[in-house]
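As structure tokens, the structure follows; a few thoughts come after it.
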Amino acid sequence: MDPHMTDADVDWLLTRMPFAALDASQFPKSIPLDGVLKNDCRLHRFAPGQVIVREGDYANSAFLVLEGNAELITRPLPPDVLGRREVEKRSWSDALWQFLRPSGVREARRPENVTPDVELHDRPGTEHRASGNENTSPIAGDADAQPTLYLQDFGGLVRAGQTARLVAGELFGEVATMLRGPHGATVVAGENATLLEIRLQGLKMLQRDTAFAERMEEHYRQHWLAIHLKEIPLLRFVPESNLRNVVEHTQLRSFGRLQWNADYSKTRKLSPAQQIESEPVVAQEGHHVTDLIVVRSGFGRVCQNYGSAQRTTAYLGKGHVFGLEEITLSVTGGNGAPMPLQHSLRAVGFLDTLHIPVECFAREVLPHIRRSELPPNAAEAMLHRPQGPTKRERRSVAREESRRDDAQSTTEETETASVSTTAKTWDDLPSSTGTSFEPTGLLEFIVQNRYNNGRQAMIIDLHRCTRCDDCVKACASVHDGNPRFARIGNHHERLQFVEACMHCTDPVCMIGCPTGALHRDESTGLVNISENICIGCGVCAKGCPYDNIEMVAISDPSGRPYLDMKSKQPITKATKCDMCSGLPSGPACAAACPHDALVRIDLSESPPLEDWLRRRT
Amino acid sequence: MSVVERRHGGAISTTQRCKAAASGLVNRVTGAGRAYSFRRRRVVACGVVVVSLALAALLASGMHAALLHSGVMTGWMLISCLFLLVLIGVRRRIPVLPLGTMSVWTQVHIYTGLFAVGVFLLHVPAILHGRLIATGYLEGTLSGLFWFVSASGVYGLIASRRIPWRLTNVGEQVRLDQIPWYREQISRSVSDEVQSLTNPAAISVIGEFHRRYLSRYLSSKPSWLYLIYPTSVRRRRVLAGLVELNRYLEEEDCRVCGRIAALVRRRDDLDYQYALQLRLRVWVMLHSAASVALLVMAIIHGILAMRFVES
């Protein structure tokens, strides 16, 4: 991580807590403790007021305060304070005026869109301590030195009591790093702040020390687990007292590799069978169900044995649960015997899960789940529990029975349903032309290419698309002549998955953005670029596994390229699809398609795509 | 015996089976039973057009009975429809404004066009008496142009549904503007294959074939005839020629021939894509140009007709 991290720095760190308390014998010989500190950590000295992490940033590192202090800002800061420029909705007259007066220059920007509203300073460089010498000396010519931000009126915030002090020995940012989530708050350096940046790989390695791992887990359990459990829709009606018991009994597990994007280009070339085989098993089909599995982050593949292989039946994302039907049927008595798992769950790349034991789930959670939220079989089983339904449930049973009688008496309807079921069954079979919608194949294609990461994926139905390129032309028209996508991309049968920003659930492009220019809009969920603070480093473009971010050299409206003052090189900025968020009309590409061929769709779960496909008959 | 018992016993009468099948067929055709589908949209829109036309016909016959100029009413209807039909082009060129999606505009365009054809039949009663084109230079041209635009619209509707399906089945999805570049790449690849031959016999056999047929086929653009009606005749002839060469070649050189044949197939696929994509674009151009001409002529006709009516 830091080529300038010396043995003296490592020795000094080993005298400080918590590293002094770590048991070096618990680390393998190939990756010793000092090796982890040397290769996966970096020392920083921050000036007072300098921003260490920004709220909303997706980071790859946690920070440990070694000396001095840091201040955590307890209230959300306006985006402009952090240099970000929110996308303003333009009025239709403005939009029309701009449309009628294009600059005619490729990637033209006004000066105010190139320079930041806040002051960016070059980070003074990594500072190191010589062994036995407390003096620090900045390293000249630090290759990784990147502009950093100073918070204006930082003293005022501290005086107003809107900060919480983090002192030596305290770790922050580890939950966001481990769960691949955004930082919940901005942290600013206080007096004499010396911090150790520990990147994810290092953090994982340090957890080989049992005491360190237990301390981290305890911290998460105390401060974060209840919040994360409450965010799960299924648990939203669980009372506080029950939730406390759930927090106590829940186990935290991780499967696969967090940097799934690094292996993405290799794994996507494997056949579905090979890929399924290579994925770590979280829960095995046919096994006794012991826990309700909740996806905390990452992706899971639900599959079922079929012949001598496995076929994908669904995919899971953040907040989804696995094993609910089996648990409910087992708990409610079903046919008297506990129901084994009907599917397997596998980690696609990386999967972080919460495991709620069956007994705890049945006691604390199940009574507070709405029946409509349970799978149909489980909901029916709930109505016929062995101990007899409650007064309210008796009404439901009566209603259910009367509904069933009605259903039996209407001959035509049932017969029609039977005919339509037969038709649907035939629809699922691959046609001789290979163009019918085949659910397993489509699911496997989506998981294989990780399109299930997309929340605004662009899909084109090739059976309706006349290749007129009106979508690209519309995109270019509303972006001053610069289209933000081309009509290219992988296709599965009749669906083409276009290479346009999908505003992903797990936005790996945002990890490592040095100025926080790439950020997620809280209200819309879109991943936006604040061009004024984008320094054109290209980390996002390299990080995007789908190649949906492009670095472009920018010019002023008269066509003269902007040049960097120091290097005299053209200034580049990251560009990608912004869902036309500034326009009154919404995404121009989808609105411009005359044949209903193009759609922006959430692929993080399958129902929206199924509904869209069902409409196309 | 209850329905369930009867079903379990397999004792469902033929009448019930027929009823269920008919009901299923109706559902499939109309898209009933679903919240929304293209089929349902089509059925509802056609229904609206039929009802509107019936009302227009009723109104026209009422006016005719009252000795009023029903032609004026249908004329105004037609010109309004024409304006609405042409507006889709304006919407297409202004993507920044929230004017509704192009998909909605296209649906309105299709069914307004259909309605306009019905109103045109009411407006020009001579057509109902067997004369497709009205008499007189202006009116004759106008009615001819109207039929041309209507026919091209119907063709466009069919083409825009069928051609994408055919394009998808070709396999590789190529953009029209990139096709010349791909053609050049294929031509270069074939030349490289021929250049890489080391066996003198193969150089003479494949080299001659390349010189006489392949290079001409690969460097030329598809003919006009092919663009109008793409066929696989040329590809089949070239491939047959290549297969014929195999008997004069050794095994290794036959493999080169096979690779060249694959490139020829790819080139033919590109030409096919080019012909179909070009057809769609030329159709849009012709249809929109003819529509504008029709609108202009309709306005002139309207002005003249109104002068006559007033006089």
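Checking each residue in region B:149-172 for being over 19 Å from A:Asp469 (Cβ atoms) and either of a type in the set (Val, Ile, Thr) or in contact with a Cys (Cβ under 8 Å, 6 or more places away or on another chain) (or both) picks out B:Val149, B:Val154, B:Ile158. B:Val238 satisfies every condition listed in (1) surrounded by fewer than 18 Cβ atoms within 10 Å (Cβ to Cβ); (2) of a type in the set (A, V, I, L, M); (3) without any contact (Cβ under 8 Å) to a residue 40 or more places away in the chain except (1). Could you tell me whether region A:218-227 includes any residue that is open to solvent by 20 Å² or more (accessible area, probe 1.4 Å) and either assigned by TED's automatic domain parsing to the domain that holds A:Arg54 or in a strand (DSSP E or B) (or both)? No; the residues of region A:218-227 include none that is open to solvent by 20 Å² or more (accessible area, probe 1.4 Å) and either assigned by TED's automatic domain parsing to the domain that holds A:Arg54 or in a strand (DSSP E or B) (or both). The sole residue among A:Leu583, A:Leu609 that is within 9 Å of another protein chain (Cβ to nearest Cβ) and open to solvent by less than 30 Å² (accessible area, probe 1.4 Å) is A:Leu583. Taking region A:92-105 as the range and being open to solvent by less than 50 Å² (accessible area, probe 1.4 Å) and either in contact (Cβ under 8 Å) with a residue 40 or more places away in the chain or under 25 Å from the mean Cα position of the chain (by Cα) (or both) as the test, the residues that pass are A:Ala95, A:Phe99, A:Ser103, A:Val105.
Listed here are the residues, each with its yes/no results for (1) within 14 Å of chain A (Cβ to nearest Cβ); (2) open to solvent by less than 40 Å² (accessible area, probe 1.4 Å); (3) in a helix (DSSP H, G or I).
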residue	(1), (2), (3)
B:Gln273	yes, yes, yes
B:Gln277	yes, yes, yes
B:Arg281	yes, no, yes
B:Ile299	no, no, yes
B:Ala305	no, yes, yes
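Identification of helices (runs of 4 or more DSSP H) wholly contained in region B:1-112 with 3 or more residues that are within 35 Å of the chain's Cα centre (by Cα), modelled with pLDDT under 85 and within 9 Å of chain A (Cβ to nearest Cβ) yields B:14-30.
Within region B:170-183, restricting attention to residues that are in a helix (DSSP H, G or I) and without any contact (Cβ under 8 Å) to a residue 60 or more places away in the chain, the residue that is nearest to the chain's Cα centre (by Cα) is B:Asp177. The set of residues in region A:231-244 being over 17 Å from A:Thr353 (Cβ atoms) and either open to solvent by 40 Å² or more (accessible area, probe 1.4 Å) or not assigned by TED's automatic domain parsing to the domain that holds A:Arg371 (or both) consists of A:Arg236, A:Phe237, A:Pro239, A:Glu240, A:Ser241, A:Arg244. State whether one or more residues within region A:417-438 are at pLDDT 55 or above, facing another protein chain (nearest Cβ under 9 Å) and in a loop (DSSP other than H, G, I, E, B). For region A:417-438, residues at pLDDT 55 or above, facing another protein chain (nearest Cβ under 9 Å) and in a loop (DSSP other than H, G, I, E, B): absent.
Consider region B:139-169 and keep the residues that are away from every other protein chain (no Cβ under 14 Å) and without any contact (Cβ under 8 Å) to a residue 40 or more places away in the chain. The one that is most open to solvent (accessible area, probe 1.4 Å) is B:Val154.
What residue, of B:Arg259, B:Arg265, is in contact (Cβ under 8 Å) with a residue 24 or more places away in the chain, open to solvent by 60 Å² or more (accessible area, probe 1.4 Å), in the same structural domain as B:Glu193 (by TED's automatic domain parsing) and over 19 Å from B:Gly207 (Cβ atoms)? Going through B:Arg259, B:Arg265 in turn, the sole match is B:Arg265. Scanning region A:453-497 for residues that are away from chain B (no Cβ under 12 Å) and open to solvent by less than 20 Å² (accessible area, probe 1.4 Å) yields A:Asn453, A:Gly454, A:Ala457, A:Met458, A:Ile459, A:Asn482, A:Phe485.
The values are calculated or read from the model by the stated rules, or taken from the named source; none is laboratory data. On a predicted model such as this, the values are computed, not experimentally measured, just so you know. Ideal geometry is used to build each Cβ from the backbone, glycine not excepted, and the neighbour counts take in all protein chains shown. Accessible surface is based on the protein model in full, side chains and every heavy atom, while ligands, DNA and RNA are left aside. Shrake-Rupley method; radii C 1.70, N 1.55, O 1.52, S 1.80 Å.
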